[in-house]
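Have a look at the structure below, then the notes.
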Amino acid sequence: MFNDIDIILINTSHPGNIGAAARAMKTMGFKQLVLVAPRYFPHAEAEALAASAVDVLQQARVISSLDEALMGITTVIGTSARQRDLAAPLLTARECGSWLMQNRVGRTAILFGEERTGLTNEALDRCHAYVTINTADEYSSLNLAQAVQIIVYELQLGLSMPKIENNSAEALLADDSAMEGYFQQLEGVMVTTEFLDPKFPKRLMSRLRRLYHRARPEVQELNILRGILTAVEKKIGDE
Ligand code: SAH
């Protein structure tokens, strides 16, 4: 039903959580499960907790890196128990569906972190928006599969209206891999020109990532930006 939304579990420790997440997904009409470097998979506990959602487990894509998981993805949402100092939109689970209705372009990924440590900064840096499930102040960290259940439930409610086809540029937006290629080149140029001191990078790259993620450049626009950087690189190389 929601075939253009990937649920991505990163570095999951407990195979039971993978199975329970698959079950949570299937009950709400989601089937695209992606496992990035799970500690144990396949595993009997995953199958046991998946119950009648073993098909979702069997079809899950198991891959080793986040880069690979996000290939071809243009909209990325991160889930986090803690509110971090993030300027990208911070949504409640309830708001997530309507945010996606308005901002979803191309394939979407929802990222879930490791049970104890949550999402890494590397993963958080890739997101266009963040979702936090409201909790008691005293204890905000849900079990991973239960967090998946709440998010897919809310998405299924919020997205049950037909997708708004408002964007003819849909196929033209730069995907995650193209953005990462750009960020690498940008960082390289900033280091070479000594705008960025790699010993004291502070939050510069994260801030720039946020800016570009907000702008959501099209492939052609990104090509222009890369062209500018290449011209700078060439000029420096010539000197
Ligand atoms: N200390 C970690 C908690 C990890 S719980 C953190 O700050 O995020 C494992 C995963 O479950 C999280 O990475 C997130 O994907 C999801 N999760 C748990 N509680 C959540 C909450 N209140 N809101 C959103 N996602 C949550």
- Take the residues of region 182-206 that are without any contact (Cβ under 8 Å) to a residue 24 or more places away in the chain and part of a helix (DSSP H, G or I): which is nearest to the chain's Cα centre (by Cα)? GLN184
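If the requirement is being farther than 21 Å from ALA20 by Cβ and surrounded by 22 or more Cβ atoms within 10 Å (Cβ to Cβ), which of these qualifies: THR79, THR75? Before you say what the answer is, go through the steps one by one.
Working: THR79 fails: farther than 21 Å from ALA20 by Cβ.
Among THR79, THR75, only THR75 is farther than 21 Å from ALA20 by Cβ and surrounded by 22 or more Cβ atoms within 10 Å (Cβ to Cβ).
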- Tell me which of these ASP85 doesn't satisfy, since it passes every other one: (1) crowded, with 16+ Cβ neighbours inside 10 Å; (2) modelled with pLDDT under 90; (3) within 14 Å of the ligand (Cβ to nearest atom). (1)
- Message: Anything in region 194-219 that is out of contact with any helix residue (DSSP H, G or I) (no Cβ under 7 Å at 6 or more places or on another chain) and more than 21 Å from GLY78 (Cα to Cα)? List them, or say none.
- Response: GLU194, PHE195, ASP197, LYS199, PHE200, PRO201, LYS202
- Item | Residue count for region 115-148, restricted to those that are surrounded by fewer than 20 Cβ atoms within 10 Å (Cβ to Cβ), more than 6 Å from the ligand (Cβ to nearest atom) and under 17 Å from ILE18 (Cβ atoms) | 4
- Looking at GLY72, is it away from the ligand (no atom under 15 Å from the Cβ), touching a Gly at 6+ places or on another chain (Cβ under 9 Å) and of a type outside the set (A, V, I, L, M)? yes
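The values are calculated or read from the model by the stated rules, or taken from the named source; none is laboratory data. Quick caveat: nothing in here was measured; it's all calculated off a predicted structure. We place every Cβ from the backbone using ideal geometry, glycine too, and count neighbours over all the protein chains shown.
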